[in-house]
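A short worksheet on the structure shown next.
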Amino acid sequence: MRGALFKTRITEMLGIRHPILCGGMGPSVSDANYVAAVVNAGGMGFIVAAGFPDPEELREQLRECRKLTSGKGFGVNLYISGQDRATERLQEQVKILSEEEVLCVETSGGSPAGVLPALREAGIKVLHKVPAVRYARSAARLGVDAVIVVGNDSAGHPGTYGISSMVQAPHASKEIAIPLVIGGGIGTGRQLAATLMMGADAILMGSRMLVSEELWIHHRYKELLVQSDGTDSVVVKTGLRQHHRVLNNESAKAVAALDATGASDFEQYRPHVMGKLTTQAYLTGDSRTGMLDYGPSVVFANSVQPVDAIFDEVLDDAQQAMSRLEELRSRY
Ligand SMILES: Cc1cc2nc3c(=O)[nH]c(=O)nc-3n(C[C@H](O)[C@H](O)[C@H](O)COP(=O)(O)O)c2cc1C
């Protein structure tokens, strides 16, 4: 594992070597094996709890991750949904996380207010992910430990405002006093250096990591990512106000066509957005259908690599970016 280059409030809070977080990837893309590889490379990863709906399967994943990291702390992504059944399931997930002594959670979706007391009582750090600074402010007021602000390039849910990470980072670091992570479109070390320079404490990557050797998704899909020039992502489901950045495949095109008609009834969308199409695509490598979370930062993924090699590349690039800045300064 590479030596530490930066010490920030996030590296200190999570006890990690590098200020690099790898966001949860559903449904079960970021599993124990991948998250352990991220943690062993010196970053922080998150197993997506929703990807393991059977509580015992989730518990198994957590135990597996603990084993693979030789007891190092790791994280879980918790999706906060407003639906009652989901809330019950969420409480059950939190109970398992506290029994298994998970170090931290990346919460996303709705407000974490309902689960915050239980997470705090269990000593689990809460990093709440939001797509705009205005939500980060509310989360900070609630008492989360850190906020993750993602910009418009982000795979998954970039929010409805369409604000870039380049704007979110300096804005959030001025407004938010608690530790701050910036994500969305990040996949290089020069972006890591710039993000720290803009006042953040860490970066969060998703799309760039999809070529990790440790991920179980089909090799053919990883090859598609390697070939991509980053122009093949699209934001859809705008008709439902659930903006979703995905690979621009047949399903995405069908959803975009519905958006264009002003459709707002979920039943019309259902045949194209069913989770089983997504899982099928990851399993078979046939990515023509399924809503596949995917952002333009795939352009930085030039080969299938183990996680620690990706980290080395990012850290070398950050070092070079800092040397460049010093050299530019020294010209005066
Ligand atoms: C395949 C994939 C699946 C994702 N699934 C989830 C998820 O289930 N929950 C979540 O909060 N974020 C999810 N995300 C978003 C990431 O955690 C992260 O916020 C985002 O990828 C960062 O932007 P980037 O892709 O530009 O690096 C997913 C991203 C990808 C690429």
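Remarks
- Förster radius 22 Å - calculated FRET efficiency between Gln242 and Thr284 (Cβ-Cβ, nearest 0.05): 0.25
- Total formal charge among the other residues, if their Cβ is under 15 angstrom from that of Val314, Lys/Arg +1 and Asp/Glu -1: -1
- Put simply, when 149-162, 273-286 are sorted by average Cβ atoms within 10 angstrom per residue, most first, you get 149-162, 273-286.
- Label point at Arg63 placed 7 Å out along Cα→Cβ; residues across the range 3-42 whose backbone nitrogen lies under 20 Å: 31-37
- Of the Cα atoms belonging to the range 49-113, the radius of gyration and Dmax stand at 11.7, 37 Å.
- Linear extension gain, Val304 paired with Ala260, 0.36 nm per residue minus alpha-carbon span: 12.2 nm
- Using the average count of surrounding beta-carbon atoms within 10 Å as a protection proxy, the listed peptides 116-124, 140-148 rank, highest first, as 140-148, 116-124.
- In the chain, the DSSP beta bridges split such that about 15 percent are antiparallel, to the nearest 5.
- Loop-located trypsin sites (Lys or Arg not before Pro) in the range 163-268 (DSSP state other than H, G, I, E, B) with a sparse environment of at most 15 neighbouring Cβ atoms within 10 Å: Arg241.
- Aspartates and glutamates with Cα under 18 Å of Lys125, excluding same-chain neighbours fewer than 8 positions away: Glu12, Glu92, Glu99, Glu100, Glu101, Glu106, Asp145, Asp201
- Maximal additional length on extending the Ser98-Met1 stretch stands at 32.0 nm, based on 0.36 nm per residue less the C-alpha distance.
- Potential extension, Glu213-Arg85 segment - 0.36 nm per residue separation minus Cα distance: 42.5 nm
- Mean Cα-pair separation over length for the range 10-54, i.e. relative contact order, pairs under 8 Å, 6 or more apart, %: 42 percent
- Among Ala177, Ala36, Ala50, residue whose mean-square fluctuation peaks in a GNM of the chain (springs only between Cα atoms under 10 Å): Ala177
- The range 185-223 residues near the modelled Gln319 label - backbone nitrogen below 18 Å, point 7 Å along Cα→Cβ: 188-194
- Normalised contact order of the chain, rounded percent, pairs of Cα under 8 Å and 6 or more residues apart: 16 percent
- For the chain: rounded, prolate or oblate by the Cα gyration tensor [a/c cutoff 1.5]: rounded
- Taken along its three principal axes, the alpha carbon spread of the range 219-284 comes to 35, 25, 16 Å, from the longest extent down to the shortest.
- Links that overshoot a 31 Å alpha carbon limit, given the list Lys95/Lys237; Lys7/Lys129; Lys7/Lys237; Lys7/Lys276; Lys67/Lys95; Lys7/Lys67: Lys95/Lys237; Lys7/Lys237; Lys7/Lys276
We did not get these values from a lab; they are worked out from the coordinates using the rules stated. What you are looking at is a predicted structure, and each value in this text was computed from that prediction instead of being measured. Virtual Cβ from ideal backbone geometry, glycine too; neighbours counted across all protein chains shown.
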